[in-house]
1. Which condition does ILE118 not pass, out of (1) at negative phi; (2) without any contact (Cβ under 8 Å) to a residue 24 or more places away in the chain, if it passes all the others?
2. Looking at VAL104, VAL97, which is the one that is under 12 Å from the mean Cα position of the chain (by Cα) and of a type in the set (Val, Ile, Thr)?
3. Which residues, counting only those in the range 123-173, are surrounded by 16 or more Cβ atoms within 10 Å (Cβ to Cβ) and among the β-branched types (Val, Ile, Thr)?
4. Suppose we filter ASP156, ASP82 for residues that are assigned to a helix (DSSP H, G or I) and either modelled with pLDDT of 90 or more or out of contact with any Phe, Trp or Tyr (no Cβ under 7 Å at 6 or more places or on another chain) (or both); which single one remains?
5. Pairs only if they're at least six apart or on different chains, beta carbon under 7 angstrom, first in the range 137-166 and within 17 Å of SER62 (Cβ to Cβ), second modelled with pLDDT of 75 or more and hydroxyl-bearing (Ser, Thr, Tyr); list them, first residue then second.
Amino acid sequence: MSYARPGTPSRRWQEWVDTKPILSLIVVGVIATQLGTYFGYVFPAVGLPVLPWPLYNGILASTIADGFNATAVNEGFAVTSDSFFMGHSLHFINGIVFAVLWGVLFREDVARWVKNNIARGLLYGVIMTIISAGLLVPYAYVPEQGYGLFLFDGPDGWKLPFGILIWHLIYGLFLGLLWNPTDAADEP
């Protein structure tokens, strides 16, 4: 059996990533999403607001299904099993799709400027934070709440955008740690 050593993955994992790049990206997307989600739920332990992305995705999906801002129809939706299933499904599909996009589109193009794979994952996390805090949260998840661009006007002040940054850095960290295929140029 081939065990990992500090700084290098196990030979078996590396071969699996090299031979099944998309399938391994899907697995890494699930892992990175799960770890980020766990930390998002326990952020209050360190003074940051909770980031219940599956809950937000469930509410967003239900309002799209019922027509935007038609929450009066489903006032209790946020606590139903339908919301839980829909939100978690959408959340993990997002995590997988963004992992595949990172591996297929982003990672190789950025390799010209950023040599370290973990740094590439962290950079991707920062870009996802800008999209999330600048667009998705204020205009899709909590529209008409007065949060403003990048959420600094919300009741949590700097803590919400900082929590979103930390969440996406955790996600990007695990992308960079777990998915690093051998480049053809590196092979003898």
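The values are calculated or read from the model by the stated rules, or taken from the named source; none is laboratory data. Remember, predicted model here, so these are calculated numbers, not experimental data. FYI the Cβ positions are ideal-geometry reconstructions off the backbone, even for glycines, and counts take in every protein chain you see.
1. (2)
2. VAL97
3. Across the range 123-173, the qualifying residues are THR129, VAL137, VAL142, ILE164, ILE166, ILE170.
4. Details: ASP156 fails: assigned to a helix (DSSP H, G or I).
Checking each option against the conditions leaves just ASP82.
5. That search, which allows pairs on different chains as well, returns TYR141/TYR56.
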